[in-house]
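K.L.:
Please read through the structure below; I'll follow up with questions.
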Amino acid sequence: MNRSAYLRRQKQMGRRLFGVFPAQYPREIFWAMNTVPVEIWDPPLLTANANAHLQPYICSVVRSGLELILQDKTRLLDGFLFPHTCDSIQNLASIVNDYLGLEIPCCFFYHPKAPFDKGARDYYLSQLKSLTAELENHFGPMDPDAFKQRVDQGLDMQERLGNAYEMRRLGELAVSNTSFYRNIRLAEYLHPDDFISGFETFLAVSKNENLKGPAVILSGILPHPEILRLLDQQGVRVVDDDLLNCNRRMPLRLLKDQDPYEILVENYFAMPPCPTRGSPIQERLDFMKDKIRNTHVQGVIFCGIKFCEPEWFDVPQMVAALKDAGLKTLLLDLEINEPLSGQLATRVEAFVEMIS
């Protein structure tokens with residue numbers, strides 16, 4: 001079933017729904033409170049009302065998220081969560097919470113930014129517990145046993161996703177780029193019980209060996225559907241990514257057998273470097289070069305979203321460093337939910353011809 005039908009089914013089952021804006025947040029806390037977090041990245045809408053509330057240089061992720069609310073397409077939701085990802089999302093949080101007069105709670109989550117000193121873990125732990133207390137104030141106490149179960153389930157999900165990426169790198173998943181990322185992104189709104197069972201089936205039926213074709217890495221915010229389709233048509237395999245809503249949120253190591261809160265704390269600090277977390281550019285360069293060595297790719301495609309300041313600040317230095325290392329790069333300045341122009345499609349095709 002599609003996303004809307006699935007979410008209506010969750011409400012019928014007695015679960016709450018919480019709209020979550022990008023990017024990092026502790027979804028296990030919501031699961032433990034019988035609540036399904038529904039991430040809002042790129043709802044398929046034409047912008048009609050949001051422009052009256054936002055500056056023209058705000059990114060399309062924020063613009064489309066506000067449009068979703070203004071078109072009254074969030075009636076199923078029982079609340080919103082705004083992580084402290086960037087200035088634009090903070091601006092959106094103020095508009096939604098202070099000016100739109102919504103009758104559902106708006107919660108805020110302030111995760112620490114690098115450089116992480118010795119107090120960063122204590123601060124992040126306090127933020128986790130503050131969010132729990134706020135949700136308990138609205139919806140009642142959280143069951144500690146349920147919390148432990150959902151944290152363990154989150155680890156299980158991350159492990160399965162990590163295995164899928166490893167199989168992708170090795171050419172052992174016989175699926176298109178489009179299918180791979182469609183299944184990865186189901187984690188943005190599926191209840192963990194449904195995601196784990198469905199993803200296990202996806203991996204089982206997709207196994208293959210020795211897939212061929214030029215290999216690339218995607219970097220940026222989102223995997224643009226039309227870019228994925230175009231790469232599929234050209235026979236190019238996306239074998240790894242540095243995307244904010246995909247691999248960049250997956251901890252590089254999973255810590256288990258600890259207090260549930262401590263697991264969430266340690267796994268946050270084990271995430272890959274990201275400009276929305278204040279990571280130094282050298283850490284990002286080292287991380288990307290490790291990916292390149294592990295995948296033997298022919299090129300990197302930067303799928304930037306127009307006006308995404310945290311992301312674009314790093315891109316010039318990353319491109320220059322990769323070119324110095326002899327790697328081919330392609331920069332694409334994209335808008336979500338907009339078709340790929342003929343000019344951009346031609347640039348992708350020329351890039352594929354060059355790396356082939």
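K.L.:
Considering every residue within the stretch 47-64, establish whether at least one is at positive phi and assigned to a loop (DSSP other than H, G, I, E, B).
P.N.:
Here is the first cut: in the stretch 47-64, the ones at positive phi are none.
Checked against the condition, which is being at positive phi and assigned to a loop (DSSP other than H, G, I, E, B), the stretch 47-64 yields no hits at all.
K.L.:
Answer with yes or no whether Glu353 is outside any helix (DSSP H, G or I), out of contact with any Asp or Glu (no Cβ under 8 Å at 6 or more places or on another chain) and either farther than 20 Å from Cys274 by Cα or hydroxyl-bearing (Ser, Thr, Tyr) (or both).
P.N.:
Values: outside any helix (DSSP H, G or I): no; out of contact with any Asp or Glu (no Cβ under 8 Å at 6 or more places or on another chain): yes; either farther than 20 Å from Cys274 by Cα or hydroxyl-bearing (Ser, Thr, Tyr) (or both): yes.
So Glu353 does not fit the description; no.
K.L.:
Still on this model: Do you know which residues across the stretch 186-238 are of a type in the set (Gly, Ala, Ser) and part of a helix (DSSP H, G or I)? Lay out the reasoning, then the answer.
P.N.:
Just the residues of the stretch 186-238 that are of a type in the set (Gly, Ala, Ser), to begin with: 187, 197-198, 204, 206, 213, 215, 219-220, 235.
Answer for the stretch 186-238, where residues must be of a type in the set (Gly, Ala, Ser) and part of a helix (DSSP H, G or I): Ala187, Ser197, Gly198, Ala204, Ser206.
K.L.:
Taking Pro141 as meeting all but one of (1) assigned to a helix (DSSP H, G or I); (2) free of Cβ contacts under 8 Å to residues at least 24 places away in the same chain, write down the number of the exception.
P.N.:
Every condition holds for Pro141 apart from (1).
K.L.:
Just give me the residues in the stretch 260-294 being of a type in the set (S, T, N, Q) and in a helix (DSSP H, G or I), in sequence order.
P.N.:
Taking the stretch 260-294 first, the residues of a type in the set (S, T, N, Q) are 267, 276, 279, 282, 294.
Those that are of a type in the set (S, T, N, Q) and in a helix (DSSP H, G or I): Asn267, Thr276, Gln282, Asn294.
K.L.:
While we're on this one: Return a yes/no flag: does the stretch 62-85 have any residue that is buried (at least 22 other Cβ atoms within 10 Å of the Cβ), within 22 Å of Arg185 (Cβ to Cβ) and among the polar types (S, T, N, Q).
P.N.:
yes
K.L.:
Answer yes or no as to whether Val62 is in contact (Cβ under 8 Å) with a residue 24 or more places away in the chain and either closer than 28 Å to Glu266 by Cβ or not aliphatic (A, V, I, L, M) (or both).
P.N.:
Details: in contact (Cβ under 8 Å) with a residue 24 or more places away in the chain: yes; either closer than 28 Å to Glu266 by Cβ or not aliphatic (A, V, I, L, M) (or both): no.
No: the conditions fail for Val62.
K.L.:
Still on this structure, please answer the following. Looking at the stretch 41-57, which of its residues are within 21 Å of Ala23 (Cβ to Cβ) and among the small types (Gly, Ala, Ser)?
P.N.:
Ala50, the sole residue that qualifies.
K.L.:
Output the residues belonging to the stretch 223-242 that are of a type in the set (A, V, I, L, M, F, W, C) and surrounded by fewer than 23 Cβ atoms within 10 Å (Cβ to Cβ). Working first, answer last.
P.N.:
Applying the first criterion (of a type in the set (A, V, I, L, M, F, W, C)) to the stretch 223-242 yields 227-228, 230-231, 236, 238-239.
Across the stretch 223-242, the qualifying residues are Leu228, Leu230.
K.L.:
Just to check your reading of the model, which residue among Asn34, Asn2 is at positive phi and either among the polar types (S, T, N, Q) or within 17 Å of the chain's Cα centre (by Cα) (or both)?
P.N.:
Working: Asn2 fails: at positive phi.
So the residue among Asn34, Asn2 that is at positive phi and either among the polar types (S, T, N, Q) or within 17 Å of the chain's Cα centre (by Cα) (or both) is Asn34.
K.L.:
Exactly one condition in (1) farther than 22 Å from Tyr6 by Cα; (2) surrounded by fewer than 20 Cβ atoms within 10 Å (Cβ to Cβ) is not met by Ser179; state its number.
P.N.:
(1)
K.L.:
If you don't mind, another one. Got a number for residues in the stretch 167-181 being more than 13 Å from His296 (Cα to Cα) and not in a helix (DSSP H, G or I)?
P.N.:
Count: 5.
K.L.:
Sticking with this structure for a sec: Only one of (1) over 23 Å from the mean Cα position of the chain (by Cα); (2) modelled with pLDDT of 95 or more; (3) over 30 Å from Phe202 (Cα atoms) is not met by Arg75, so which one is it?
P.N.:
Only one criterion in (1) over 23 Å from the mean Cα position of the chain (by Cα); (2) modelled with pLDDT of 95 or more; (3) over 30 Å from Phe202 (Cα atoms) is unmet by Arg75, namely (2).
K.L.:
Here's another thing I want to ask about it. I need every pair where a residue in the stretch 20-38 that is surrounded by fewer than 23 Cβ atoms within 10 Å (Cβ to Cβ) has its Cβ under 8 Å from the Cβ of a residue that is assigned to a helix (DSSP H, G or I) and among the hydroxyl-bearing types (Ser, Thr, Tyr), sequence separation at least 6 or different chains.
P.N.:
Sorted first by the residue in the stretch 20-38, then by its partner, the pairs are Ala23/Thr276; Gln24/Tyr268; Gln24/Thr276.
K.L.:
Whether any residue in the stretch 247-254 is within 21 Å of Leu186 (Cα to Cα) and buried (at least 22 other Cβ atoms within 10 Å of the Cβ) is what I want to check.
P.N.:
Yes, some residue in the stretch 247-254 is within 21 Å of Leu186 (Cα to Cα) and buried (at least 22 other Cβ atoms within 10 Å of the Cβ).
K.L.:
If you don't mind, another one. Out of the stretch 100-129, which residues are surrounded by fewer than 16 Cβ atoms within 10 Å (Cβ to Cβ), assigned to a helix (DSSP H, G or I) and free of Cβ contacts under 8 Å to residues at least 40 places away in the same chain?
P.N.:
Hits for the stretch 100-129 are Asp122, Tyr123, Ser126.
K.L.:
Report, by residue number, each residue of the stretch 1-43 that is within 16 Å of Leu186 (Cβ to Cβ) and part of a loop (DSSP other than H, G, I, E, B).
P.N.:
Residues of the stretch 1-43 within 16 Å of Leu186 (Cβ to Cβ): 1-7, 9-10, 17, 20, 27, 31, 36-43.
The answer is Met1, Asn2, Ile40, Trp41, Asp42, Pro43.
K.L.:
Filter the stretch 310-325 down to the residues that are of a type in the set (Asp, Glu) and out of contact with any strand residue (DSSP E or B) (no Cβ under 9 Å at 6 or more places or on another chain), then identify the one that is farthest from Arg293 (Cα to Cα). So that I can check it myself, show each step before the final result.
P.N.:
Our first condition is that a residue be of a type in the set (Asp, Glu); within the stretch 310-325, this holds for 311, 314, 324.
Still in the list and also out of contact with any strand residue (DSSP E or B) (no Cβ under 9 Å at 6 or more places or on another chain): 314, 324.
On the way: Asp314: 21, Asp324: 15 Å.
Here the answer is Asp314.
K.L.:
Looking only at the stretch 296-318, count every residue that is within 19 Å of Thr276 (Cβ to Cβ), hydrophobic (A, V, I, L, M, F, W, C) and either surrounded by fewer than 18 Cβ atoms within 10 Å (Cβ to Cβ) or under 18 Å from the mean Cα position of the chain (by Cα) (or both) and tell me the total.
P.N.:
Count: 7.
The values are calculated or read from the model by the stated rules, or taken from the named source; none is laboratory data. Here the structure is a predicted model, which means the values were calculated and not measured. Virtual Cβ from ideal backbone geometry, glycine too; neighbours counted across all protein chains shown.
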